[in-house]
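Remarks on the structure that follows.
Just so it is clear, none of the values below were taken in a lab; they were calculated from the coordinates. Quick caveat, the model's predicted, so the values are computed rather than measured. Backbone-built Cβ (ideal geometry, glycine too); neighbour counts: all protein chains shown.
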Amino acid sequence: MNVKAVIWTLVILGLVGGIIAASILLTQGSKKDDNKETPQDIIYGYECKSNKCVKVLIDENNFKTAVSQSVCNLFCEEEPNAIGTLWPKPTGKTTIGNTMVHIDPKKIEIHGYRHEYYNIAKERFMRQIAAKFTDDADIINKDGKSFSVNVVTEEGDDVQKLTLETDESYKLTINDNEAYIKANSFYGARHGLETLAQLIVYDDIRRELQVVGKAEINDAPVYKHRGIMLDTSRNYYSVEAIKKIIDTMGSVKLNTFHWHITDTHSFPFEMKSQPELYKKGAYTSKKIYTHKAIGELVKYGRAVGVRLLPEFDQPAHIGEGWKEELLTCFKYQPWSHFCVEPPCGQVDPSQDEVYDTLEKIYSELYEAFDAPDWFHVGGDEVSVECWNTSSTLQAYMKNRGWGLTEQDFMKLWGDFQVKALERLDRITKTPEKVPVVFWTSRLTEVPYVDDYLDPKRYTIQIWTTGFDKKIEDLLERGYKLIMSNYDALYLDCGFGGWVTDGLNWCAPYIGWHKVYENNPKKIAGKYHEQVIGSEAAVWSEQIDDFTIDSRFWPRASALAERLWSDPQTSWRDAEHRMLVHRERLVENGVRAESIQPEWCRQNEGECPI
Ligand SMILES: *[C@@H]1O[C@H](CO)[C@@H](O)[C@H](O)[C@H]1NC(C)=O
């Protein structure tokens, strides 16, 4: 990249702005306090030196060559074909010219299709642009060009549901004050808009909005399943907070929101056919998710490129809301003898009514989530000790001629799995059976896994460590995997304990660097094609609306780049871009965690050792 050319072109294009900037400098000290159009003092600009944006004091001699940091970041990049502010990095051929075009934020037009998702995408795009400057008074240099964005897709108005198999690729071309986005699906097109929004910046020296004047970006994700998981049972989140998470996912092209909606602690899902489940099971009558609210989130999710994947965790992690006679060990103490965290609770698989209730729950989840293309059936942390507290369950097992060994309890669990899946298959309406996801557990281990879980049907979500031998056992058997290895992707780790003092169970805290470098292809080796993606998980024992932003962001963004771009470089190459990205999250109202002193962002490359 010829940075000098960029700078000179900027000077020419920003001539009017330059004159204003010059007059700002010349009139400093004599400005009138009551003049709204008087900008604040401009002290610093940036120069690109050896691929780093260097902060320089602006004076009469250098103000013409100094560019704002936002512009410098775009072009001043080491890697070939990279654009210094895009997150995640594009994967296909990318070229960028060396001009910026001054545009008028009031004259941006997006030409797409009539489908309502386009309206949501447009509104969102305009919101992102508006967030780049504080208000109209911030734009001093007003007479920019109009800017038109033309979107063309294969599917046109006939937008299909977002599924795991949706083609999300797109091509973005920018030519002066026009942009073109070409994609097969709406979902690819909306990704293109997301990229385009990142190529529009506010130049705080010329005090105007600018877009990269020439670019061609070909882009498509490496992994199909790029997700985050939220637990809304341990603590409740408002529908607004969930919408905001989904919205932010869209900005980094994450495409799957896995919703762990219920657990032993609370049952916040509105059940029309069996209302006592949520009436008794929710924390309060307001802390619920209605079908209507979920339906709106599903729709909004699609409009921002995010599919919702419901999980009903079973046969453990069940309690509040259920009839006590259908449960075993519910709220037993001392809890540590029967489960991994209070309160304990599992369903009693010997009772037919359990399956009838499950069928109703599946049916209503399926309806509320508008026929999701996948379904998560839980399977987390079943405790044999819990089941073994029930004398009726023991009697049931003895009647079948079984013993009470671990092997017998695994058979009980395996049978439960078969029966529960039959109920799920009764209510789904597709010709093909819905693929299901299942957490790693005792049942996914050898030898049980071979007896009860069909690899054609079950995808296994790994939550053990990334170096666990069990991962290879599963891959050898042909299972598809979603990686959520807790040593890199459990974002609730590393805070204070909640059942005792000290730190919580999975401490230490995981930095974004580790999330970024957790490479599923490396973990899976020769079987890497069986890994469909990963998810960062937030278990919510110690998190709610008020603290969620900083748990997910910007660490989930690090995951987004791993999954979209599969970078072959380390976090070090992404570090400065991450700092820029974090500011963009904040600009859009996300209370993302601060990861370095601001000084490091202003003094590129001076902090990492
Ligand atoms: C279940 O409890 C019985 C006693 O009631 C005991 O003999 C058996 O070993 C227990 N099974 C397991 C797997 O702990």
Give me the angle, in degrees from 0 to 90, between the Cα long axis of helix 555-565 and the longest principal axis of the Cα atoms of the chain, rounded to the nearest 10.
-> 80
Tell me, C506, C53, C76 in order of fewest to most beta-carbon neighbours within 10 Å?
-> C506, C76, C53
Share of antiparallel DSSP beta bridges in the chain, in percent to the nearest 5?
-> 45
Segment 318-375 to segment 83-101: how many Å between their Cα centroids?
-> 49
What's the angle, to the nearest 10 degrees (0 to 90), between helix 352-368's Cα axis and the longest principal axis of the chain?
-> 20
Could you state the angle between the C-alpha long axis of helix 291-303 and the longest principal axis of the C-alpha atoms of the chain, as a value from 0 to 90 degrees rounded to the nearest 10?
-> 40
Using every Cα-Cα pair within segment 522-592, state what percent have a distance larger than 17 Å.
-> 55
Longest to shortest principal axis, alpha-carbon extents of the chain, angstrom | 93, 52, 52
Where the centroid of each part is defined by its Cα atoms, how far is segment 189-211 from segment 435-485 in Å?
-> 43
Evaluate the Kirkwood expression for the hydrodynamic radius of segment 44-119, namely the inverse of the mean inverse distance over all pairs of different C-alpha atoms, and round to one decimal in Å.
-> 15.2
Evaluated at 10 °C and 1.306 mPa s, the Stokes-Einstein D of segment 229-351 based on the Kirkwood radius over Cα pairs, in µm²/s, stands at 104
For the table K224/K521; K161/K429; K243/K292; K331/K419; K272/K360; K89/K214, the rows whose alpha-carbon distance is greater than 19 Å are K331/K419
What FRET efficiency, computed as 1/(1 + (r/R0)^6) with R0 = 41 Å and r the Cβ-Cβ distance, is obtained for K429 and Q394, rounded to the nearest 0.05?
-> 0.60
Please sort by residue number the trypsin sites (Lys or Arg not before Pro) in segment 525-592 whose DSSP state is loop and whose Cβ has at most 15 other Cβ atoms within 10 Å.
-> R591
Determine the dipole magnitude for the chain: charges of +1 sit on the beta-carbon of Lys and Arg, -1 on that of Asp and Glu, nothing else is charged, the reference point is the Cα centre, and the result goes in debye to the nearest 20.
-> 980
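Need one number: the % of Cα-Cα pairs in segment 315-363 sitting beyond the 16 Å mark.
37
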Sort the following peptides by mean Cβ neighbour count (other Cβ atoms within 10 Å, averaged over residues), highest first: 310-318, 477-485, 92-100, 450-458.
-> 310-318, 477-485, 92-100, 450-458
Residue-ordered couplings for segment 221-226, obtained by feeding phi - 60° into the Karplus form 6.51 cos²θ - 1.76 cosθ + 1.60 and rounding to whole Hz (Gly and Pro as x), are x, 7, 9, 7, 10, 10
Once the mean of 1/r over all distinct C-alpha pairs in segment 378-534 is inverted, the Kirkwood radius in Å reads 17.7
The simple spin-label model distance between V239 and K521, using points 7 Å out along Cα→Cβ, in nm, is 4.1
Peptides 393-399, 515-521: what's the order by average Cβ count within 10 Å, highest mean first?
-> 515-521, 393-399
Hey, rough spin-label estimate for N62 and Q160, points 7 angstrom out along Cα→Cβ, what's it come to in nanometres?
-> 5.5
